[in-house]
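First comes the structure, then the notes that go with it.
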Amino acid sequence: MTPLLYSFRRCPYAMRARLALLHAAGPQVALREVALRDKPDAFLRASPSGTVPCLVLPDRVIDESLDIMVWALGSSDPQGLSTMQPEGWAWIERCDGPFKHNLDRTKYSSRYPELDAAVSRDRAALFLQDLNDQIGTFILDRPSLADLAIVPFVRQFAFIDKPWFDAQNWPRLQHWLNRFLSSDGFACIMEKYPPWADSGQSQPFPPNDASGRTDPPPLW
């Protein structure tokens, strides 16, 4: 059975899973784009949480994005992305914890009328300032899983108010993000697919390369 990946194009959790699958350059999965307002029955039966991403394997279901990344790079990791210092996991923990908490309260401020969105933005910016100070070319001294795991969330935050983001004194962070946004890998994971229905056709991912290349693209 080909592994099935239920995904949603713009979800940062699903983006990080697709990035890991792309850079693993291992076996393809059958990608099924989920319309979140009309979730297919097969997806709801497969996913314990009803959230994307959800990877269905012959022997189990993985519905946590970091676990999907670890699974993908555990099967094939030609760029050594998962071989990173513990510091990388600490950065991911900060991203998924306090930063994402405040990102949501900035982006979806109407859901939190009791909170000041500007305060949430400033709290999120503390993480981004630290990340800017940390980044050289990448977050660590070489490309790593941390870059793949964190960059979709920085992108999500940046596009809440791109002029504001671009006006901040975060030159290394901005350059790191812009390199990602202009990369072949970003273009690949953001390719548009029609929403999958219960009788629909899955898409091979990573997509078939007409040139026959099997090696992953440079990180960015």
- Message: So if I check each of 194, 216, 163, which one is farther than 19 Å from residue 12 by Cα and either in contact with a Gly (Cβ under 8 Å, 6 or more places away or on another chain) or not in a helix (DSSP H, G or I) (or both)?
- Response: 216
- Query: Regarding residue 172, is this residue assigned to a helix (DSSP H, G or I), surrounded by 13 or more Cβ atoms within 10 Å (Cβ to Cβ), outside the structural domain of residue 33 (by TED's automatic domain parsing) and at pLDDT 95 or above?
  - Reply: yes
- In region 116-141, which residues are assigned to a loop (DSSP other than H, G, I, E, B) and either under 19 Å from residue 103 (Cα atoms) or not assigned by TED's automatic domain parsing to the domain that holds residue 179 (or both)? 116
- Task: Select from region 63-83 the residues that are buried (at least 22 other Cβ atoms within 10 Å of the Cβ) and either free of Cβ contacts under 8 Å to residues at least 12 places away in the same chain or closer than 24 Å to residue 49 by Cα (or both) and list them in ascending order.
- Result: 65, 68, 69, 72, 73
- Query: When you go through (1) buried (at least 16 other Cβ atoms within 10 Å of the Cβ); (2) touching a Phe, Trp or Tyr at 6+ places or on another chain (Cβ under 7 Å); (3) over 19 Å from residue 140 (Cα atoms) one by one for residue 95, which number turns out not to apply?
  - Reply: (3)
- What do you reckon, is residue 203 over 17 Å from residue 127 (Cα atoms), surrounded by 14 or more Cβ atoms within 10 Å (Cβ to Cβ) and at pLDDT 95 or above? yes
- Subset tally (residues that are crowded, with 24+ Cβ neighbours inside 10 Å and either in a loop (DSSP other than H, G, I, E, B) or in contact with a strand residue (DSSP E or B) (Cβ under 9 Å, 6 or more places away or on another chain) (or both)) for region 16-30: 4
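The values are calculated or read from the model by the stated rules, or taken from the named source; none is laboratory data. From a predicted model like this one, the values you see are computed outputs, not experimental measurements. All Cβ positions, glycine included, derive from the backbone under ideal geometry; neighbour counts span all protein chains shown.
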